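A quick write-up on the structure given underneath.
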Amino acid sequence: MQDPATATRPTNQVRALIENIERVIFGKPIPIRMLVTGLLAGGHVLIEDVPGVGKTTLARALARSISCTFRRIQFTPDLLPSDITGISIYDRGKSEFTFKPGPVFAHVVLADEINRTTPRTQSALLEAMNAFQVTVDGTTHDLPRPFLVVATQNSLEYLGTYPLPEAQLDRFLLRVHLDYPDREQEKSVLRSRQHQDPLEEVTPVLTTDEVALLQDQVRRVTVSEPVLDYIQDIVEATRTHRGLQSGVSPRAGLGLFRASQALAFLEERDFVLPDDVKTLAVSVLAHRVMIKGEMRSVGISSMARDIISEIIETTSAPM
């Protein structure tokens, strides 16, 4: 791995990663930047929308852009926790149990349609996402680093979907919404697939060592005391807002802090601006709050987004 002290400015690396993904996903610069921001911040990303808008393709494009191990887990109602984490199998020849790792043991894990399995199976990812390890039969196994979960989910209104547990949602740094493409974007999608899937032509532009180095450099981005106070003011405002039953956790505040560092880094700055915090607040915080008087749903709540947006508008930002 390159010594961080002698590392060149990684502008070209990040730009190459974004351009690689844009070869497959057309007209979606904001979701792409949010996904790359999550990668740089070392956080996990949840992509939500209706079926068929490119959630899985976006996740695959990111994985193919990095020279790393990649596994896809198709979540179904009959999926078991051991199907994700792995299982201990008795070896008669050795008279002992041998651990067989599950698909979660990869640098990038695509948890496809994560809300189509039961909450018990969904929770199998909790330890992996939070501690970068898996415990099976009392033995702890470390996951490879860097480790990123990119999960996709359909709206709750679709048949066969289950709400994600609140603890699970809190492990996702960012929640990204794709939306339908406009007419010209959709025409570009059709043209690009006339002869073959452009995803097949995507080649790696980063190694895992380079990703780890970028993540290390992100943590060196300066967050001034006024910006830190601004983040804290936003977090505290979610805990006292009249429309929220509960605000965000300290983990959410740290997530907004880390994501803001990553976005500043992506923008080729070594310091965070209040605008970085404003840009990310809804994606980082809206899925972590509970609306007063309503049950928490898996679908992105427009009311939660509106409340976070209101908090941003009414919280004084440093000059």
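The values are calculated or read from the model by the stated rules, or taken from the named source; none is laboratory data. Source: prediction; values computed, not measured. Here the Cβ positions follow ideal geometry from the backbone for every residue, glycine too, while neighbour counts run over all protein chains shown.
What to note about this one:
- Any pair with Cβ under 8 angstrom, 6 or more apart, that starts in the stretch 131-151 at a residue that is at positive phi and ends at one that is modelled with pLDDT of 90 or more and not in a strand (DSSP E or B): 132/143; 132/145; 132/147
- Those helices (runs of 4 or more DSSP H) of the stretch 213-303 in which 2 or more residues are acidic (Asp, Glu), outside the structural domain of residue 163 (by TED's automatic domain parsing) and closer than 21 Å to residue 31 by Cα occupy 274-285.
- Of all residues in the stretch 216-237, those being closer than 29 Å to residue 57 by Cβ and buried (at least 19 other Cβ atoms within 10 Å of the Cβ) number 1.
- The residue that is farthest from residue 303 (Cα to Cα), among those in the stretch 238-274 that are surrounded by fewer than 19 Cβ atoms within 10 Å (Cβ to Cβ) and of a type in the set (Lys, Arg), is 269.
Rundown of residues vs (1) in contact with a Ser or Thr (Cβ under 6 Å, 6 or more places away or on another chain); (2) closer than 19 Å to residue 175 by Cα, yes/no style:
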site: 40; (1), (2): no, yes
site: 44; (1), (2): no, yes
site: 58; (1), (2): no, yes
site: 65; (1), (2): no, no
site: 68; (1), (2): yes, no
site: 78; (1), (2): no, no
site: 95; (1), (2): no, no
site: 99; (1), (2): yes, no
site: 105; (1), (2): no, no
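- Residue 316 exposed (fewer than 13 other Cβ atoms within 10 Å of the Cβ), more than 30 Å from residue 161 (Cβ to Cβ), touching a residue at least 24 places away in the same chain (Cβ under 8 Å) and not β-branched (Val, Ile, Thr): yes
- Answer residue from the stretch 19-63, given it is of a type in the set (D, E, K, R), in contact with a helix residue (DSSP H, G or I) (Cβ under 7 Å, 6 or more places away or on another chain) and part of a helix (DSSP H, G or I) and is modelled with the highest pLDDT among those: 33
- Residue satisfying all of: in the stretch 83-124; in a loop (DSSP other than H, G, I, E, B) and polar (S, T, N, Q); surrounded by the most Cβ atoms within 10 Å (Cβ to Cβ) among these: 117
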